[in-house]
Every structure is written in C-alpha cells, then in structure tokens.
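These notes concern the structure reproduced below.
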Amino acid sequence: MKKGMIKLSVLYPNGEGKTFDMDYYRDKHIQLVGRLLGDHLKGVAVETGLAGLGEPDTPAPYIVCGHLYFDSMSDLQKSVSANLDQMVGDIPNFTNIQPVVQVAEVVM
C-alpha cells in the first residue's frame, strides 16, 4: 500500500474460549465486505497470528488481523458507514470475539 492511504484494521484478540472460523472469514465475510464497499476499497490483507514475543510458545495476542485500505478518510467513512450494520451483523457467523478496530494512515 502507498503512503497516505487510510487503513482500517479489525483485530480479533486471542484468549481462552475464543473461536474463529478462518474458512468462513476468508471465503465469505471478506467477499461480502468487498462487495459492500465496492470501488472505495483499494486493498485487503488478512493475517493469522502465530506467536507473541517473550517466552517460547507465547500465544499471539490476536488470532486474526484484517486490514482494509482506502484512498481517503472520506472514502472509508462513506462506504463503511453505509454498510456497517451488514458487516457487523455477519461477525457471529465466524467468531465469538469482540474485535478491536483502529483507523490509521499509512506513512511508509
């Protein structure tokens, strides 16, 4: 992604009793998000946590991190606000985790 883009990160914290269906997320949820956000969405990245730093076998702090990229804050706000209910409403289909959301600007 290029400098100045806006990144919406949706982070799913790891922990006891938390579940996540990666197949559903990758094959259905991300496709739904792409259809809803349309041309405003410029890129997507999905990461699955492997480990944390520290002692050996430290679990990753996040099970999954999803990142959506936009050209501007205005594009993000217009497209996400119009479709937020549908996107959030799909979350119970793949996880029992309350996600952490952050909006950032790409600086490098």
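Quick one: is residue 75 among the charged types (D, E, K, R) and out of contact with any strand residue (DSSP E or B) (no Cβ under 9 Å at 6 or more places or on another chain)? Spelling it out, it is not the case that residue 75 is among the charged types (D, E, K, R) and out of contact with any strand residue (DSSP E or B) (no Cβ under 9 Å at 6 or more places or on another chain).
Test residue 68 against the criterion of being touching a residue at least 40 places away in the same chain (Cβ under 8 Å), surrounded by 15 or more Cβ atoms within 10 Å (Cβ to Cβ) and under 15 Å from the mean Cα position of the chain (by Cα), and give yes or no. Yes; evaluated as a whole, the condition is true for this residue.
Among the residues of the stretch 80-108, those that are within 27 Å of residue 4 (Cβ to Cβ), surrounded by 14 or more Cβ atoms within 10 Å (Cβ to Cβ) and under 12 Å from the mean Cα position of the chain (by Cα) comprise 87, 99, 103. Residues that are in contact (Cβ under 8 Å) with a residue 40 or more places away in the chain and of a type in the set (A, V, I, L, M, F, W, C) within the stretch 25-44 comprise 32, 33, 36, 37, listed in sequence order. Selection of first residues in the stretch 88-108 that are touching a residue at least 24 places away in the same chain (Cβ under 8 Å) and of second residues that are surrounded by 10 or more Cβ atoms within 10 Å (Cβ to Cβ) and acidic (Asp, Glu), restricted to Cβ pairs under 6 Å at least 6 apart or on distinct chains, gives the following pairs, ordered by first then second residue: 94/21.
This table checks each residue for (1) touching a Phe, Trp or Tyr at 6+ places or on another chain (Cβ under 6 Å); (2) surrounded by fewer than 13 Cβ atoms within 10 Å (Cβ to Cβ).
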{"position": "15", "(1), (2)": "no, yes"}
{"position": "42", "(1), (2)": "yes, no"}
{"position": "52", "(1), (2)": "no, no"}
{"position": "56", "(1), (2)": "no, yes"}
{"position": "73", "(1), (2)": "no, yes"}
{"position": "78", "(1), (2)": "no, no"}
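Listed here are the strands (runs of 3 or more DSSP E) enclosed by the stretch 29-108 that have at least 1 residues being out of contact with any Pro (no Cβ under 6 Å at 6 or more places or on another chain) and among the polar types (S, T, N, Q): 41-48, 100-105.
Taken over the stretch 22-40, the criterion of being more than 13 Å from the chain's Cα centre (by Cα) and surrounded by fewer than 14 Cβ atoms within 10 Å (Cβ to Cβ) is satisfied by 23, 27, 35, 38, 39.
Read-outs throughout are calculated quantities, based only on the coordinates presented, and are distinct from any laboratory measurement. Here the structure is a predicted model, which is why all the values come from computation and not from measurement. Every residue, glycine as well, gets a Cβ built from its backbone with ideal geometry; the counts of neighbours run over all protein chains shown.
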